[in-house]
Every structure is written in structure tokens, then in C-alpha cells.
Amino acid sequence: MPSIINIHTPESFSDVMQVIEMFQEKHKTAWYRGSGKASHALIPSLFRHPKKKTPDELHKLERDLSSTFSQRSPPFVQQGFEDEWERMFYMQHYGIPTRLLDWSESPFVALYFALTTCARGKTNKPIDDVALWMLDPSEWNRHALSDISYPGGVLDSKREQVKSYSPNAELDERKNTPIMIYGTHNSVRIVAQRGMFALFGKSTDAMDISFRDHDFTQGTLEKIVIAKDEVDIVAKSLFRKGISDSTVYPDIYGLSLELRRSFGF
């Protein structure tokens, strides 16, 4: 029987916080991801290529991207990369398509991204509902790796269970289902955003599709949808709590965003 994603529709910031609290009470570990369009699927940037869609095409694309990055990045990269994983996390950080999907340990950071990345119309009003996804990464991994009786817990790139997901692994060695891993905190932004990652395997299915089709434990993945008419109201409450552009981006870029917003640009 397919698993069903629980969808919550709070109408205020306090309602959102109540839903998050309820999720945290049920799960020892919780991650969050914000989306500026509620209908968007949980899929990494590599899999969004407009033409290359099959696992074989995407596998070759990933290797070509990594190879080209290795050839052309040395003038712009100060440090060397310890291994292929560190290179992948670095590429993800700078917007180069990978099999990684960003998550955060902070619901406030994820909510910030959901509220500030929504598309706006001519009157500057949001034109789409936004979403805040909630995930138990430990339970997800327990189910995703149940074929090897993995007891649960978040993984890192050094663990044996992750080897088949390596950028250097052959496609036929990879498992299908995404797994949840800690990343290399090689930038102040990742630290500030408390960044974590879903690492995708061979299957090109979105996480929400994998959850539905592979009988995950109910409640492992849930979704909060904030109506477009409530977006600015909830955002105002979030900013008043001290979560703003300069806390999510602790650099001159974040300050620039905050000044533009504060002065009505």
C-alpha cells in the first residue's frame, strides 16, 4: 500500500511552529527543506536537466561536469579536495548541478528559503503557495537500506553503506533510493544554514515519489503548505524573530539582500 504524505495547511506563523513542534516531538532527528513553490518535487539539480533524463545520460553528465570542474576550477579554488566527496559538496555549494539535495537542521532556515524564493507578480505579491518539508533522516535511511538491515541514523561519506553512491562508482553498483548524509562544512554559509543533504542514487524519482511508492513508515516525510496570501504575513513574523538574510548568508551578499528588503527594493 503506498505511503501517504501528511500535508498541513497552517494559517499563521504560530500555526507553522505548532506543526513543527508536533513533528519534533515524534522524531528524535528532524530535517527541513523550504520550497518557493509548493508543487515542486524533491529532486536534485542534476536531475532537472531539460534534455538528459535517463540514469545513463545523467551518470555521464555528472562525470563530465565533475571532470570539467576539476580542469577549470584551480585558478578560483584556494584549497585542494581531499576526495571526490569534498569536490561534490563544493560543487553543490556553488550551484553546479549534483545528485545532492539541500536540507537543513533548522526549520527557521528552511522556512526563510520557502518564503523568500517564491515567485511574485507585477504587484509584488506571491503567485504560488510555498512549502516547508519535514523529514526524519534516520528513519528514512533505516528504510532505504533495509535490504542490508541498516538500523538507522544519518550517514557520512566515510561509511561503508555510502560507497556505492560515490561519484566514482559505476552506475550498476548504485542503489536506487536516496540516502541522508552529513556534508563537509567547508563554508561559513553551510555552517550558518546548518546544511545537510539527501544523496540520490540510480533512480531519478523525486523523494516524495520514492516515499509514496516504497512503503516508507508513515510520518517519515511530511509537508507544510503555506498559502500565497499568507506568505508575507508569515515572513514578517519570521524576520521579527531574528531570522533574516544576513543570518542565513553571513557575508556581504546577505547584508545586501537585507538592506534591499529593509528599504523596500
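The values are calculated or read from the model by the stated rules, or taken from the named source; none is laboratory data. This structure is a prediction, so every number in the text was calculated from the model and none was measured. All Cβ positions, glycine included, derive from the backbone under ideal geometry; neighbour counts span all protein chains shown. The accessibility values were calculated without ligands, DNA or RNA, using every heavy atom of the protein model including side chains. Shrake-Rupley method; radii C 1.70, N 1.55, O 1.52, S 1.80 Å.
General observations
- Qualifying lysines (Cα of each under 21 Å from Cα of Lys202; at least 8 residues distant if same chain): Lys51, Lys52, Lys53, Lys60, Lys158, Lys163, Lys175
- Helix-only CD estimate at 222 nm, as mean residue ellipticity for the chain, using -39500 (n - 2.57) per DSSP H run (n ≥ 4): -10500 deg cm²/dmol
- Protection proxy ranking for 208-214, 85-91, using the average of other Cβ atoms within 10 Å per residue and placing the highest first: 85-91, 208-214.
- Dipole of the chain, positive end: most advanced residue of Pro107, Ser67, Ser3 [Cβ charges, Cα centre]: Ser67
- Max mean-square fluctuation residue, GNM over the chain, Cα-Cα springs under 10 Å, options Ser73, Ser14, Ser146: Ser73
- Extension gain, Ser262 to Asn6: 0.36 nm times the residue separation minus the Cα-Cα distance gives 88.6 nm.
- Loop-located chymotrypsin sites (Phe, Trp or Tyr not before Pro) in region 51-82 whose Cβ has at most 16 other Cβ within 10 Å (DSSP): Phe76
- Highest-MSF residue in the chain out of Asn124, Asn176, Asn168 [GNM, Cα springs under 10 Å]: Asn124
- Note: relative contact order over the chain, using C-alpha pairs below 8 Å and six or more positions apart, is 31 percent.
- The residues of the chain expose on average 52 square angstrom of accessible surface per residue, using a 1.4 Å probe on protein heavy atoms.
- Of Ser70, Ser166, Ser157, the one that fluctuates the most in a GNM where the chain has Cα springs shorter than 10 Å: Ser70
- Extension gain from Asp229 to Asp156, taking 0.36 nm per residue of separation minus the Cα-Cα distance: 22.3 nm
- The chain, accessible surface, carbon-and-sulfur percent (1.4 angstrom probe): 51
- Beta bridges by DSSP in the chain, antiparallel share as percent, to the nearest 5: 85
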